[in-house]
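Participant: To start, I am sharing the structure in question, which I have written as structure tokens.
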Amino acid sequence: MIKIASLVPYKIVPPVTGGEKAVYYFSKHLAVYGALTCLTVVENEPLSTLYSTPPVLGSSRNKFRYLNPLLFFRLRRLLKDRGIRYLVLEHPYFGWLGILLQRFAGKKLIVRSHNIEGLRFRDLKKWWWKLLFRYEKQVHRLADLSFFITPEDRDFALQHYSLMPEKCVVVPYGIELAPVSAEAKQEAKRVLCNALGIDTGTRLVLFNGTLSYGPNLDAVVAILRSINPLLRQQFSGAYKILICGRGLPDALVQEMKAQEEKDILYRGFVEDIQLYFLAADLFINPVAEGGGIKTKLVEALGSNTPAVSYKKGAFGVPQEVAGTQLRVVADRDDRQFAAEMAAVLQQENGVMPAVFYDYFRWDKIARRAMDAIEKINT
């Protein structure tokens, strides 16, 4: 069993956001196939039941931990003492440190990209995005292996970073769910409808995300002001759009409450979001900005809930593995988006193809990642 270190520079327990889950579950399953040491912050001490977690980065509250040159000497000693040759960086931000350890300590450098970060911050209107883009590009060019979270990100990197295809592997966001039965979904819907005081004959539509994040906030605005009014015109049955997530601005909370008596129900942050994924008759993802994969879309589809998504919001979910359970609409084409929603709500739920779970299950993802790591020296 080969020895691997991962560098995780922020708190991931308990895993709540998509990014936290991406690191937590990938590390958990990678540790099955390799002896994993997680170089991390003190807040991740609970992970020590799964693998070794030396808190070499101090606290996640220390914003200067990304710029500490003394980390090189500390990590070089630790990696040498433990006989670790492979280093996985979660995100490219510690690329400078990984490259130093690669060059002066003989470590094999693997960079796991959750997005094309430069483009994500361009979409968020950050003036410094070009500087990050150049830095990110150089880190990937010097790495021994790059993991990308979507085929689209890998293709972009091949074209714009001039990487070698054999050094670029798609390692997607995953799920631990097994195929979900129709009976399990019906029971979840009964439980949720009873809890919310909604008739079980009502079709449930779900949108979930961190609502303080710009692309998700734009999606909520589109649902309220465009998509839902269009859906009212095209679907005559009873439905409720459930919007879940923390961080919604007060002004939009008030706007949403004005529609609650009709079609919208704002739930804020919910502890058991999996119940909502299982109970929903439809998941919607009108997200047209931001990078990487939309983790909530994978979780919804993994719950055998059909979905309608903008094209960019569906990046990372190959149509051939999702089958007819995923309908993709051109970005910001809200009329067609509402039409696809109506079509799904008017029919019985389908069944997610088994190939979806083969592609997105964490244990299989980790095995593919380990296979790629083991081939670095071949």
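The values are calculated or read from the model by the stated rules, or taken from the named source; none is laboratory data. Given the structure is predicted, the values throughout are model-derived calculations rather than measurements. We place every Cβ from the backbone using ideal geometry, glycine too, and count neighbours over all the protein chains shown. Quick note on the areas: whole protein, heavy atoms, side chains included, nothing else; ligands and nucleic acids left out. Shrake-Rupley method; radii C 1.70, N 1.55, O 1.52, S 1.80 Å.
Participant: What three numbers, in Å, describe the spread of the alpha carbons of the stretch 232-299 along their principal axes, ordered from the longest?
Facilitator: That works out to 34, 29, 26 Å along the principal axes.
Participant: Please report the spacing between the Cα centers of the stretch 87-111 and the stretch 34-51 in Å, no decimals.
Facilitator: For the stretch 87-111 versus the stretch 34-51, the Cα centre distance is 18 Å.
Participant: Continuing with this model, one more query. Just name one of ALA342, TRP129, ALA182: the one whose Cα is farthest towards the positive end of the charge dipole of the chain (beta-carbon charges, Lys/Arg +1, Asp/Glu -1).
Facilitator: With unit charges placed on the Cβ atoms, the residue in question is TRP129.
Participant: Here's another thing I want to ask about it. Under a plain spin-label model, where a point goes 7 Å from the Cα along Cα-to-Cβ, how far apart in nm are GLN346 and ASN377?
Facilitator: 6.1
Participant: Across bins of 5 angstrom width beginning at 0, how are the C-alpha pair distances of the stretch 1-160 distributed, in whole percent?
Facilitator: The calculated distribution, bin by bin, is 2, 9, 18, 22, 22, 17, 8, 3, 0.
Participant: Of ASN216, ASN115, ASN68, which has the largest mean-square fluctuation in a 10 Å C-alpha GNM of the chain?
Facilitator: Of ASN216, ASN115, ASN68, the Gaussian network model singles out ASN68 as fluctuating most.
Participant: Quick one: give the max-minus-min coordinate of the C-alpha atoms of the stretch 242-378 along each principal axis, largest first, in Å.
Facilitator: On the principal axes, the stretch 242-378 reaches 62, 33, 28 Å in Cα extent.
Participant: Find the centroid of the Cα atoms in the stretch 113-129 and in the stretch 351-369, then give the distance between the two in whole Å.
Facilitator: 28
Participant: What whole-number value in cubic angstrom gives the convex hull volume per residue for the C-alpha atoms of the chain?
Facilitator: Residue-normalised Cα hull volume stands at 142 Å³.
Participant: Taking +1 at the Cβ of each Lys and Arg and -1 at the Cβ of each Asp and Glu, which of TRP96, GLY268, VAL328 sits farthest along the dipole of the chain towards its positive end, judged by Cα position relative to the Cα centre?
Facilitator: TRP96
Participant: Per residue and in Å³, how big is the convex hull formed by the alpha-carbon atoms of the stretch 313-361? Please list the in-between numbers first.
Facilitator: Values: hull volume 3.6 nm³, N = 49.
Given the Cα convex hull of the stretch 313-361, per-residue volume reads 74 Å³.
Participant: Using a Cα distance threshold of under 16 Å, what count of lysine pairs results for the stretch 240-378 when pairs must be 8 or more residues apart or interchain?
Facilitator: 6
Participant: Find the lysine pairs in the stretch 1-117 meeting two conditions, Cα atoms under 18 Å apart and a separation of 8 or more places or different chains, and report how many there are.
Facilitator: 9
Participant: Let me ask something else about it. With every protein chain kept in place and ligands, DNA and RNA left out, what is the accessible area per residue of the stretch 233-283? Probe 1.4 Å, answer in Å².
Facilitator: Details: 2480 Å² over 51 residues.
Dividing the accessible area of the stretch 233-283 by its residue count gives 49 Å².
Participant: So, in Å, what gap is there between the alpha-carbon centers of the stretch 268-340 and the stretch 218-258?
Facilitator: Measuring centre to centre over Cα atoms gives 16 Å.
Participant: Mean-square fluctuation check for the chain, GNM, Cα pairs under 10 Å: which of HIS160, HIS91, HIS114 is largest?
Facilitator: Its mean-square fluctuation being the largest, the pick is HIS160.
Participant: Suppose every Lys and Arg Cβ carries +1 and every Asp and Glu Cβ carries -1, with no other charges. What dipole size does the chain come out with about its Cα centre, to the nearest 20 debye?
Facilitator: Here the size comes out at about 1740 debye.
Participant: Further question on the same structure: Using 1/(1 + (r/R0)^6) with R0 = 45 angstrom and r between the beta carbons of SER59 and SER236, what's the FRET efficiency to the nearest 0.05?
Facilitator: With R0 = 45 Å, the Cβ-Cβ based efficiency is 0.25.
Participant: I've got another one for you. Run the numbers for ARG141 and MET1: contour at 0.36 nm per residue of separation, minus the present Cα-Cα distance, in nm.
Facilitator: 47.6 nm
Participant: Can I ask one more? Among VAL220, GLN234, GLN159, whose Cα lies farthest out toward the positive end of the dipole of the stretch 132-265, if unit charges sit on the beta carbon of Lys, Arg (+1) and Asp, Glu (-1)?
Facilitator: Of VAL220, GLN234, GLN159, it is GLN234.
Participant: Taking R0 as 22 Å, what FRET efficiency do you get between ASP272 and SER212 from their Cβ-Cβ distance, rounded to the nearest 0.05? Mind showing how you got there, number by number?
Facilitator: Details: r = 21 Å, r/R0 = 0.96.
Calculated transfer efficiency: 0.55.
Participant: Moving on to the next point. Can you compute the charge dipole magnitude of the stretch 241-360 about its Cα centre, using +1 on each Lys and Arg Cβ and -1 on each Asp and Glu Cβ, nothing else charged? Give it in debye, rounded to the nearest 20.
Facilitator: Working: 11 positive and 17 negative charges, 47 e Å.
The dipole magnitude comes to about 220 debye.
Participant: Separate question: For the chain, calculate the relative contact order in percent as a whole number, restricting contacts to Cα pairs under 8 Å that are 6 or more residues apart.
Facilitator: Values: 683 pairs, mean separation 58.9, N = 378.
The normalised contact order for the chain reaches 16 percent.
Participant: Stretch GLU183-VAL355 to full length: gain in nm at 0.36 nm per residue minus the Cα-Cα span?
Facilitator: 59.8 nm
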